């Protein structure tokens, strides 16, 4: 009887230790999906395992070593956007081989102060070394964006 209670106590301590260890760690894994060697685009599928809340999955886009971050002034939203619902690139036989497509949730506030959410599809093409052309796939509106170097 005493040995059984000791065994149950040790098992509970091990389970509690595992739960505490998992709750303190936030594991992020990135899987490279696209590596464009000519235009230096990289698209990653990223998974954040945030115990006990679960997994959060999104896409990240890099041009060279710099992460693509769309400023809130450019998207008309309430925050900068660097995590995308979908991201993809064109095949090497396509005319838009230099571009990537991104889809994200745009959040803006209306005149009453309520948030409005909508999906936005954008084609991103490099113009020069530090300038990108962003084209909204729904409206056809194009905007230039200057990339800021992280130093």
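Residues 114, 104, 90, 56 in ascending order of nearby Cβ atoms (within 10 Å, fewest first): 114, 56, 90, 104. Mean residue ellipticity, 222 nm, helices only, the chain: the sum of -39500 (n - 2.57) across DSSP H runs of n ≥ 4, divided by residue count and rounded to 500, is -5500 deg cm²/dmol. Here's the picture: a label point sits 7 Å out from the Cα of residue 139 along the beta-carbon direction, and within segment 59-84 the residues with their amide nitrogen under 14 Å of it are 73-77.
Comparing 98, 110, 36 in a Gaussian network model of the chain where C-alpha atoms under 10 Å apart are linked, the largest mean-square fluctuation is found at 110.
Taking 71, 126, 52 as the candidate residues, the one with maximal mean-square fluctuation in a Gaussian network model of the chain, Cα springs under 10 Å, is 52. Measuring nothing but how far apart in sequence close Cα pairs (under 8 Å, 6+ apart) lie, relative to its length, the chain scores a relative contact order of 11 percent. Of the labelled figures [x] 21.9, 76; [y] 15.1, 45; [z] 19.4, 75, only one reflects Rg and Dmax of the Cα atoms in Å as derived from the coordinates, namely [x]. The relative contact order of segment 15-90 comes to 22 percent, based on Cα pairs under 8 Å that sit 6 or more residues apart.
Remark: the residue 74-residue 33 segment gains 12.1 nm on full extension, using 0.36 nm per residue and subtracting the alpha carbon distance. Cα centroids of segment 10-69 and segment 81-138: 22 Å apart.
Values in this text are rule-based calculations from the coordinates and carry no lab data. Predicted, not measured: the structure shown is a model, and the values here were computed from it. Here Cβ is always computed from backbone atoms with ideal geometry, including for glycine, and neighbour counts include all displayed protein chains.
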